[in-house]
Amino acid sequence: MANRKAYVLIQAETGKAESVTKALRGKSGVVGADMVVGPHDVVAVLQGIDAEAIARIVVNEIQGIRGVQRTLTYMVIGD
């Protein structure tokens, strides 16, 4: 049961935001992904059993997507 949640802000290479967003959707632990306007290009919502599980998703899944340049993870605290 997933009991940790995090928001991941993603900077993508120019012209790659849409493909990054599509690649994120449907990945295990990713409950949502949307393109946004601002200093980041994509925001993903993750859920996992603990902080380590969230970190594994970011490092092993998200950072490996072609077009991802940088990630910034915000772990949700409280309910």
| If you scan the range 51-69, which residues turn out to be surrounded by 11 or more Cβ atoms within 10 Å (Cβ to Cβ) and charged (D, E, K, R)? | Arg56, Glu61
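Would you mind stating whether Val36 is under 12 Å from Leu72 (Cα atoms), out of contact with any Leu (no Cβ under 7 Å at 6 or more places or on another chain), surrounded by 12 or more Cβ atoms within 10 Å (Cβ to Cβ) and hydrophobic (A, V, I, L, M, F, W, C)?
No; evaluated as a whole, the condition is false for this residue.
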| said: Can you find, within the range 1-33, the residue that is surrounded by the most Cβ atoms within 10 Å (Cβ to Cβ) among those that are of a type in the set (Val, Ile, Thr) and more than 14 Å from Thr73 (Cβ to Cβ)? | reply: Val20
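Tally the residues that are touching a residue at least 60 places away in the same chain (Cβ under 8 Å) and among the β-branched types (Val, Ile, Thr), restricting the search to the range 56-79.
Total meeting the criteria: 3.
Give the residues of the range 1-34 that are over 13 Å from Val68 (Cα atoms), among the aliphatic types (A, V, I, L, M) and touching a helix residue (DSSP H, G or I) at 6+ places or on another chain (Cβ under 7 Å), sorted by residue number. Outline the logic, then answer.
If we filter the range 1-34 for residues that are over 13 Å from Val68 (Cα atoms), which is where we start, we get 1-7, 25-34.
The next check asks that each one be among the aliphatic types (A, V, I, L, M); those that pass are 1-2, 6, 30-31, 33.
Answer for the range 1-34, where residues must be over 13 Å from Val68 (Cα atoms), among the aliphatic types (A, V, I, L, M) and touching a helix residue (DSSP H, G or I) at 6+ places or on another chain (Cβ under 7 Å): Ala6, Val30, Ala33.
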| From the list Ala2, Ala12, Ala55, which one is at pLDDT 95 or above, small (Gly, Ala, Ser) and more than 11 Å from the chain's Cα centre (by Cα)? | Ala12
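The values are calculated or read from the model by the stated rules, or taken from the named source; none is laboratory data. Model, not experiment: these values are computed from the prediction. Cβ atoms come from the backbone with ideal geometry, glycine included; neighbour counts cover every protein chain shown.
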